[in-house]
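A short reminder: the numbers here are calculations on the coordinates, not readings from a lab. Here the structure is a predicted model, which is why all the values come from computation and not from measurement. Cβ: placed from backbone, ideal geometry, glycine included. Neighbour counts: every protein chain shown.
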Amino acid sequence: MRVQGISSIFLLTACIISSGLAGAFAAEGSQQLPLSVETNYPGISITDGIELIISGQVRDSSLASQPTPVLLRIITPDGSNMVGMEQVMLDSDNKYSVSLTAGGPLWTASGEYTIKAQYGAQKGETTFTFTPDTVGTPEPVVVEEPEPVVVVPEPVVVEEPVAVVIAEPEPEPEPEPMCGAGTVLEDGKCVAEEKGGGCLIATAAYGSEMAPQVQFLREIRDGKIMATESGTAFMTGFNQFYYSFSPAVADYERENPMFKEAVKVTLTPLLTSLAILNYVDIDTEQEMLGYGIGVILLNIGMYFVAPAAVIIAIKNRRK
């Protein structure tokens with residue numbers, strides 16, 4: 001009976017001890033992270049050029065049927081920028097490892113950098129301290145060699161004797177003839193100044209550009225008609241028409257005296273009608289148009305309408 005009691009106590013003690021050991025092992029297994037991340041410099045500050053090894057393990061590789069890499073991202077201390085990113089495949093033991101060199105153009109801040117790992121829905125992270133190397137390489141001291149001093153002798157300048165040049169007296173220019181108003185000097189002679197072209201037909205008819213009739217036509221043209229914009233425009237168009245035939249008419253006048261006298265008679269009504277412009281003040285474009293159109297109509301009446309009326313009247317009398 002006593003032996004049975006001792007045996008029962010021993011079995012109870014063994015059960016208690018075995019259940020405690022199983023609970024401890026279960027607790028130890030539950031402390032393993034789903035995705036672990038660590039570096040080869042835990043708690044140690046590193047600087048530029050140091051090889052940083054990032055490693056870890058996946059506790060439960062639920063993605064073993066479809067291989068998936070572990071995504072690693074390195075974040076700056078302020079969390080505003082990412083300085084590196086790696087993708088690492090798991091080995092047969094669900095472990096991973098990758099090495100990289102710390103430092104670069106984006107690694108400018110000092111402090112704790114964060115490594116964030118992700119495998120499917122599992123995530124993990126760790127930190128490491130990085131201090132950029134701000135100590136620059138000293139620039140080499142360049143010793144400037146003194147430049148050699150080159151002494152250039154000054155050239156000896158020999159002054160040449162100054163040649164004496166005897167200037168000959170310039171001949172005095174011959175006095176030019178003085179021309180009056182409305183005339184210019186051409187080939188030593190005073191001729192009429194032409195602003196808008198010569199009156200070829202009138203000049204040939206009266207024998208000279210200085211004839212009173214030619215001077216009168218020139219004064220009317222330059223002093224009255226071309227004093228306004230409308231008159232200038234009219235003379236521009238009229239000259240194109242006038243100079244298309246006037247040279248031939250002027251040549252024929254010089255060859256045929258009778259034709260020359262006929263032209264004189266023909267120009268008399270024109271001179272009479274243009275004389276009206278000497279007695280009026282033309283200050284505006286409207287006045288120029290009014291008097292100009294009136295003179296044109298007057299000449300049309302004298303040269304075309306009146307002869308036609310005379311011819312018709314003679315024919316009617318003969319009938």
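Numerical summary
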quantity	calculated
315, 95, 224 arranged by Cβ crowding within 10 Å, fewest neighbours leading	315, 95, 224
Distance (nanometres) between label positions extended 7 Å along Cα→Cβ at residue 303 and residue 210	2.9 nm
Residues 246, 230, sorted so that the one with the fewest Cβ neighbours within 10 Å comes first	230, 246
Efficiency of FRET between residue 243 and residue 276 - r from beta-carbon atoms, R0 22 angstrom, step 0.05	0.30
About the Cα centre, charge dipole magnitude for the stretch 38-130 (Lys/Arg +1, Asp/Glu -1 at Cβ), debye	200 debye
Simple spin-label estimate for residue 296 and residue 41 in nanometres, 7 Å along Cα-Cβ	10.2 nm
